[in-house]
Amino acid sequence: MDKKAVIIYWSKTGNTEKVAHGIKEGLEDAGVDVSLLNTDEADEVDYFDYDLVCVGFPSYLWHPPKPMDDLLKKNFRNHRSEGKIKSGSPRIPGKYALIFCTYSGPHTGIDEATPAGDYAGQFFEHIGFKVLDKWYVLSEFHGSLINSTEGRMGDIRGMPTEDDLRKIKEDASNLAEKL
Ligand SMILES: Cc1cc2nc3c(=O)[nH]c(=O)nc-3n(C[C@H](O)[C@H](O)[C@H](O)COP(=O)(O)O)c2cc1C
């Protein structure tokens, strides 16, 4: 039977949305059945209905933005009340997560994105899902020329580029082999 994945994302200026679509295409190329939802559409999603849950967001002050944080916490509360947060967080075979985070790193580079990815990953590790990977995608800071040209990462205008998105698609196809 086909593996099932859901991609849940939040995106204000489009970078994360582009990455989400790249992941969808890559997974589909590998034969995975994919649902793509933004946070508003994902309120009723049950992670346990899927083999792979992909969660994506921009780094905002090295955290997931509020709509994603709220969703992660709401699901965590539900899982706790259903007794799914067990001591020792035993791994559930065949249940996986992927975290993807777009960032511009104008001040301290990728270090101002990894805390957001690590934080989001914990919501899955706690329920026994293995986080297969965390992808950090360098992206233009739309609306801020200074942060897109003079930050720690240099000139990041136009990112993620078509090449970046092609690579993401390939990586997603390769990831599907681990399901
Ligand atoms: C309010 C705000 C806070 C941000 N904070 C960070 C940050 O802490 N670290 C970082 O690397 N980029 C930060 N950024 C840049 C975004 O993470 C980056 O541009 C991202 O790709 C935007 O994603 P989107 O186009 O999907 O909305 C911030 C942007 C905004 C608007």
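Where a number appears in this text, it was derived from the coordinates with a stated rule and is not lab data. Quick caveat, the model's predicted, so the values are computed rather than measured. When we count neighbours, we look across all protein chains shown, and the Cβ atoms used for this are built from the backbone with ideal geometry, even at glycine.
A residue that is more than 16 Å from the ligand (Cβ to nearest atom) and either of a type outside the set (Lys, Arg) or touching a residue at least 12 places away in the same chain (Cβ under 8 Å) (or both) can be found somewhere in the stretch 53-61.
Evaluate the following for residue 44: is it closer than 28 Å to residue 78 by Cα, more than 15 Å from the ligand (Cβ to nearest atom) and without any contact (Cβ under 8 Å) to a residue 40 or more places away in the chain? When the stated conditions are applied, residue 44 passes them.
So that you can scan it fast, the table gives a plain yes or no per residue for (1) closer than 20 Å to residue 67 by Cβ; (2) in a loop (DSSP other than H, G, I, E, B); (3) touching a strand residue (DSSP E or B) at 6+ places or on another chain (Cβ under 9 Å):
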| site | (1), (2), (3) |
| --- | --- |
| 91 | no, yes, yes |
| 94 | no, yes, no |
| 100 | yes, no, yes |
| 107 | no, yes, yes |
| 123 | yes, no, yes |
| 132 | no, no, yes |
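What number of residues in the stretch 1-40 are within 16 Å of the ligand (Cβ to nearest atom), more than 16 Å from residue 64 (Cβ to Cβ) and assigned to a helix (DSSP H, G or I)? The qualifying residues number 5.
Of the residues making up the stretch 142-176, those that are of a type outside the set (Val, Ile, Thr), more than 18 Å from the chain's Cα centre (by Cα) and part of a loop (DSSP other than H, G, I, E, B) are 142, 143, 144, 150, 152, 153, 155, 157, 158.
Residues are listed down the side, and each one gets a yes or a no for (1) surrounded by fewer than 14 Cβ atoms within 10 Å (Cβ to Cβ); (2) more than 16 Å from the ligand (Cβ to nearest atom); (3) small (Gly, Ala, Ser):
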residue	(1), (2), (3)
63	no, no, no
66	yes, no, no
75	no, yes, no
115	no, no, no
